[in-house]
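Engineer: Quick one: structure below, then a few questions.
Read-outs: derived from the displayed coordinates by stated rules, not from any lab. Computed from a predicted structure; not experimentally measured. Because the Cβ atoms are built from the backbone with ideal geometry, glycine has one as well, and the counts that use them run over all protein chains shown.
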There are 2 protein chains.
Amino acid sequence: MTKIHPQLAQDCLLLGRFPLCHLLLNRDANYPWFILVPDRENIREIHELSEKDQQQLLSESVFFSRCLQQIYTPDKLNIAALGNVVPQLHVHHIARYRHDACWPAPVWGAVPATAYTDEQITHIKQRLENWFQHNTAQVFNGV
Amino acid sequence: MTKIHPQLAQDCLLLGRFPLCHLLLNRDANYPWFILVPDRENIREIHELSEKDQQQLLSESVFFSRCLQQIYTPDKLNIAALGNVVPQLHVHHIARYRHDACWPAPVWGAVPATAYTDEQITHIKQRLENWFQHNTAQVFNGV
């Protein structure tokens, strides 16, 4: 298994994985903010993945986007592969609302992170796992 | 042909199109900043596209990312579908450098746009078209 970059490991909670990607929850309760990290060594850009892995990343991203859309009913999803700070390829999936902490600005560096309670994290895991149990196009294995 | 959102049309120059997406140049000389806009009506999110269109968007995005990588040799690409301001689905493709105007911060709202000269725009078009002529996995038609 690819080692998750120390900065991601520190900022995020590992929730589990799809066939290609680890699924992380960013520890910032300002927004439902998740990150997909392909389990591949030394990849910084989407175009560096094999064509098969690119397709799988797309499939998992679309599957998880539908999950976020249905669970959170956001005003907009923000999907982004930036990586200026953490070079390991990772794709942000963020549910945004007109009333959130920095709308319409992008979330990166906008406002300080706020902590989740243990109860909130348990609730998020339950909602996701319930959705994954009823939507099986991509297999998810929680940790 | 889908109408390009007025805000995008104002901020960007239409360079041409791939089979699915219009290719726009953002009028901000701070960064090589391009935008792919799928030519589909009433689509806000990648997961709202048909599966075939999702695949084509991926193909065009990867093709254009390789183009940016080879032409600009950036330190990092930033690929993002945000859309908090302009709801029409559009995917940013930005070549970033450690020495650019706001590295490592994201570009949106970071520093005021600076104008391109006509000569700079002509030079960008020539470099892109030359690359597209030698890399034909996706057909590009300039305007």
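Each row is one residue, and each column tells you yes or no for (1) within 14 Å of the chain's Cα centre (by Cα); (2) surrounded by 18 or more Cβ atoms within 10 Å (Cβ to Cβ); (3) within 8 Å of chain B (Cβ to nearest Cβ).
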{"position": "A:Leu25", "(1), (2), (3)": "yes, yes, no"}
{"position": "A:Arg44", "(1), (2), (3)": "no, no, yes"}
{"position": "A:Ser59", "(1), (2), (3)": "yes, yes, no"}
{"position": "A:Val62", "(1), (2), (3)": "yes, yes, yes"}
{"position": "A:Ala80", "(1), (2), (3)": "yes, yes, yes"}
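Engineer: Quick check on this structure: which one of B:Ala101, B:Ala115 is over 30 Å from A:Cys67 (Cβ atoms) and surrounded by fewer than 16 Cβ atoms within 10 Å (Cβ to Cβ)?
Structural biologist: Only one candidate passes the filter, namely B:Ala115.
Engineer: Then there's this: Would you confirm whether any residue within the range B:61-76 is closer than 15 Å to A:Ile46 by Cβ and part of a loop (DSSP other than H, G, I, E, B)?
Structural biologist: yes
Engineer: With the requirement that a residue be facing chain A (nearest Cβ under 7 Å) and under 15 Å from the mean Cα position of the chain (by Cα), what does the range B:82-108 give you?
Structural biologist: Answer for the range B:82-108, where residues must be facing chain A (nearest Cβ under 7 Å) and under 15 Å from the mean Cα position of the chain (by Cα): B:Leu82, B:Gly83, B:Arg96, B:Trp108.
Engineer: Here's something else I'd like to know. So, in the range A:64-78, of the ones that are closer than 18 Å to A:Leu24 by Cβ and over 12 Å from the mean Cα position of the chain (by Cα), which residue ends up surrounded by the fewest Cβ atoms within 10 Å (Cβ to Cβ)?
Structural biologist: Restricting to residues being closer than 18 Å to A:Leu24 by Cβ and over 12 Å from the mean Cα position of the chain (by Cα), the top hit is A:Ile71.
Engineer: Let me ask something else about it. If you go through the range B:99-121, how many residues are charged (D, E, K, R) and in contact with a Pro (Cβ under 8 Å, 6 or more places away or on another chain)?
Structural biologist: So the answer is 0.
Engineer: Answer yes or no: is there a residue in the range A:2-21 that is without any contact (Cβ under 8 Å) to a residue 12 or more places away in the chain, more than 21 Å from A:Glu129 (Cβ to Cβ) and within 15 Å of the chain's Cα centre (by Cα).
Structural biologist: There is at least one residue in the range A:2-21 that is without any contact (Cβ under 8 Å) to a residue 12 or more places away in the chain, more than 21 Å from A:Glu129 (Cβ to Cβ) and within 15 Å of the chain's Cα centre (by Cα).
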